[in-house]
1. Tabulate in residue order the Karplus-calculated ³J(HN,Hα) for region 35-47, using 6.51 cos²θ - 1.76 cosθ + 1.60 with θ = phi - 60°, rounded to whole Hz; enter x for Gly and Pro.
2. Once label points are set 7 Å from the Cα along Cα→Cβ at both Asp2 and Glu136, what is their separation, rounded to one decimal in nm?
3. Tally Lys/Arg at +1 and Asp/Glu at -1 over every other residue whose Cβ is under 13 Å from the Cβ of Arg123; what's the total?
4. Which ³J(HN,Hα) values, rounded to whole Hz and listed in residue order, are derived for region 77-89 from phi using the Karplus coefficients 6.51, -1.76 and 1.60 in 6.51 cos²θ - 1.76 cosθ + 1.60 with θ = phi - 60°, glycine and proline given as x?
5. When averaged across all projection directions, what area in nm² does the alpha-carbon convex hull of region 67-106 cover?
6. Just add up the charged neighbours of Arg82: K/R +1, D/E -1, any other residue whose Cβ is under 13 Å from the Cβ of Arg82.
7. Given a 1.4 angstrom probe, I'd like the percentage of the accessible area of the chain that is carbon and sulfur, rounded to a whole number.
8. Short version: ³J(HN,Hα) in whole Hz for each residue of region 108-119, in order, from phi by Karplus 6.51 cos²θ - 1.76 cosθ + 1.60 (θ = phi - 60°), x for Gly and Pro, what are they?
Amino acid sequence: MDPSTKDYVAIVQCHIVKQRCAGYFCEQALQQRTGGFAAYPADRTYRHVMIDCGGCCGRGLQRKLANLVHQLEKQEGITRDRVAVQLSSCITKDSHHGPPCPHLDYLKTLIARMNLEVGEDTRISRLTESRRESGEYQA
Ligand code: SF4
Ligand code: SF4
């Protein structure tokens, strides 16, 4: 995915993690262009929404994204090729929240079938990254 072609970001949170996380650090990473957003050009403005996967197995994500792309195009003429879907780090990586989502490939398949482009990771915590490097966390 080339973030320089996007104007809108749908940050996807794990439904389970979202029960206790507002997503502050995901949003901060987007604003600061860190972690999974490091390749997003700093001189480009992105609007965003935070959505969750809808719960295991993640199939509800399809309906949420369908609603989002429908409204974006209908209300503002923003087409899906200008939308990036970014999977949060608590979905893609091992962390204190748990191992990566067991349905990660399924989520990516759903997104690809909607002709949306997907990026992985949002906030990368230094502490968590050091634990991955030491082998305490797996990936
Ligand atoms: S990556 Fe962190 S801030 Fe973002 S949704 Fe997961 S736990 Fe919350
Ligand atoms: S499908 Fe994955 S991201 Fe969604 S609630 Fe289950 S573990 Fe979390």
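The values are calculated or read from the model by the stated rules, or taken from the named source; none is laboratory data. Treat the numbers as computed from the prediction; the structure is a model and nothing was measured. Counting neighbours? That spans all protein chains shown, and the Cβs are built from the backbone with ideal geometry, glycine included. Calculation scope for accessible area: heavy atoms of the full protein, side chains included, ligands and nucleic acids excluded. Shrake-Rupley method; radii C 1.70, N 1.55, O 1.52, S 1.80 Å.
1. In residue order, the calculated couplings are x, x, 9, 4, 8, 7, x, 5, 8, 10, 8, 10, 8 Hz.
2. 4.0
3. Neighbourhood net charge equals -1.
4. My calculation for region 77-89 gives x, 8, 8, 5, 5, 9, 10, 9, 9, 10, 7, 5, 4 Hz in order.
5. Approximately 3.7 nm², given one-decimal rounding.
6. -2
7. 48
8. 5, 5, 4, 5, 5, 5, 8, 6, 10, 9, 10, x
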